[in-house]
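The values are calculated or read from the model by the stated rules, or taken from the named source; none is laboratory data. Predicted model, so just to flag it, every value in this text is computed and none were measured. Note: ideal-geometry Cβ built from the backbone for every residue, glycine included; neighbour counts use all protein chains shown.
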Amino acid sequence: MAQPPDITETFVREVDENLRRDQATDFFKKNGKFLIAAVILFLAASGGLIWWRQHQVQKSEAQVEQFAAVYKDIASGNTSQVPQKLDQLADEGSKGLRGSALFAKAAVALQQGDTKTAIATYKAIAEDSGLPPPYRDAALIRQTALEFDQLQPQALISRLEPLAKPGEPWFGSAGEMTALALAKQGKNQEAGQLFAAIAKDNTVPSSIRERAAQLASSFGVDISNMLPNQAR
C-alpha cells in the first residue's frame, strides 16, 4: 500500500510562519505609532541638520563678504562705521573671523591715533581662550609693544616669558623686548646673552637678528663665532 504523505514538516512550517506573521502584526499594532513617530523624528532631525549646515555655510560666506566690504571702506578712508561693523563680525563670526575682525579693529584704532582702544582690543584677543593660540600670542606681542614704556620691567618679563624662548614662533620679538627689560633692571650680561641667542637663531627675521647682534656687542657679548653666515 502507498504510504500517505508526511505532512508533519509542512504543517509545522506553516504554523510557524503564521505565528511569526501574527506576532509581527501584533507588534506593529502595539508599537506602530511609536515606530512611525521615531521615523518622522529621524527624518526631521536629518533634514534640520542638513539645513543648519547649509545655513552656516551661507552665513559664513555672507560674513566674509561683509569683512571684505569693511576692508574696502578702510582702504577708501571711509572708517566712520568700521569699528561698529567689526564689532558685529567679531560677535557673530567664526573663531577665525572673530580674531581677524578684532585685529582689524585694533589696526584702525592705531591708524586713528587711538592707542588706548588698540591696547584694549589686543588685550581682549590675548585673553580670549576661544581663539587659536597664534592669534592670542600675536595679540600679546602687539599689546606689550604698545605698553612697553608703561610696564615695569619685571611685569614685562613675566608676561612674555612663555614666548621669549628659542623655538617659539615669537622668540625674536618677545626675546628682544625681554632683553631690553633686563637691561632696564641693570642685568646687562643677561640682556647681552639673550640678544646673542636671538642673533644666532635662523628662524628669527633677519632684521631682528641684525639688530640683536649689534645690541649683544654693545653689552660686551662676543658673537662673531656664533652668527649664521647671512647675518655676519
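The numbered conditions (1) in contact with a helix residue (DSSP H, G or I) (Cβ under 6 Å, 6 or more places away or on another chain); (2) modelled with pLDDT of 95 or more are all true for LYS187 except (1). Filter the range 111-131 down to residues that are buried (at least 17 other Cβ atoms within 10 Å of the Cβ) and assigned to a helix (DSSP H, G or I), then give me how many there are. Residues meeting the conditions: 7.
If you go through the range 132-150 and keep only what is outside any helix (DSSP H, G or I) and under 17 Å from PRO169 (Cα atoms), you end up with just PRO132. Of all residues in the range 193-222, those satisfying the criterion of being assigned to a helix (DSSP H, G or I) and charged (D, E, K, R) are ARG209, GLU210, ARG211. In the range 162-192, of all residues being in a helix (DSSP H, G or I) and of a type in the set (A, V, I, L, M), the one that is surrounded by the fewest Cβ atoms within 10 Å (Cβ to Cβ) corresponds to LEU180. Restricting ALA164, ALA139, ALA179 to residues that are among the hydrophobic types (A, V, I, L, M, F, W, C) and either free of Cβ contacts under 8 Å to residues at least 12 places away in the same chain or within 22 Å of ALA107 (Cα to Cα) (or both) narrows the list to ALA139.
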